[in-house]
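Taken together, the values in this text are just the output of simple stated rules run on the coordinates, not laboratory data. These numbers were taken from a predicted model, which means no experiment stands behind them. A quick note on method: Cβ atoms are made from the backbone with ideal geometry, for glycine too, and the neighbour counts reach across all protein chains shown.
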Amino acid sequence: MELYHGRNVPGIKNFTSAENTTVGLGIYLTDDKLIAKMYAIRRFMNRGGVPVIYTVYVDDGMKILDLADKEMLYTTLQDFAKYLRRNIYNRSKFPWNTEWVISKFLEETRDVLEGRSSRLYPTTLRNVDVFFTGYLKSFGYEGLWIIEGGEGNIPKHKTCLVFDPRKVKIPREEKLKIRKYSKIPISRLG
């Protein structure tokens, strides 16, 4: 399956896990080249470097959970919340704030599931991403699809998170031609 990744660093031969996560640990990809371009330019504008779109491949046979399907997302969140309550909540071997982080996630999950929140999924999922990734991997999943809002003014889009970045092959990179100090609004890139 061909996917894309926007970055501000050229010459990457092998990906590592993302530093900033939203739903789990791994490498974040998209099936929309324009979205990848927006991420590359956003990162370039914020951090410098060179905006690059990587065309990547992941094995079609990978077991990837489709959380872009709202019903599957809600079922998975409910089951994960039960798992957290049963297996992790109130365990002293975790950092001091783990109980609070999980309770906030459970509260926000309930709001999302009961329609009291306009969010697609709990933003506090990023605080339990290690647990969520481990939970999904325990069922043999190697990644997930989810709808995300993106950074800044990048529109909602479908994201593929591959838990093990070593499973992502990078055959091509495309350096974008943008003047170093240009301030192009991302909304005008289409």
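Listed peptides 21-27, 32-38, 67-73 appear in the order 21-27, 32-38, 67-73 once ranked by packing, highest mean of other Cβ atoms within 10 Å at the front.
Going through (1) 441; (2) 117; (3) 131, the figure that equals volume of the Cα convex hull per residue in Å³ as computed for the structure here is (3).
Modelled this way, with points 7 Å down the Cα-to-C-beta line, the labels at ASN14 and ASP66 are 3.3 nm from one another.
For LYS82, the lysines whose Cα falls under 17 Å of its own Cα, not counting residues fewer than eight places away in the same chain, are LYS104, LYS137. Bridging of LYS13 to lysines at a Cα separation below 23 Å is possible for LYS33, LYS37, LYS167, LYS169, LYS175, LYS177, once same-chain residues fewer than 8 apart are set aside. Just add up the charged neighbours of VAL168: K/R +1, D/E -1, any other residue whose Cβ is under 12 Å from the Cβ of VAL168. Within the 12 Å Cβ shell, the charges total 0.
Along the chain, the longest continuous region that contains none of the chymotrypsin sites (Phe, Trp or Tyr not before Pro) in a DSSP loop with at most 10 other C-beta atoms within 10 Å is 1-95.
For the chain, the antiparallel share of DSSP beta bridges with both residues in that region comes to about 90%. Using a cut-off of 15 Å between alpha-carbon atoms, which aspartates and glutamates can reach LYS63, once sequence neighbours fewer than 8 places away in the same chain are excluded? LYS63 reaches GLU142, ASP164.
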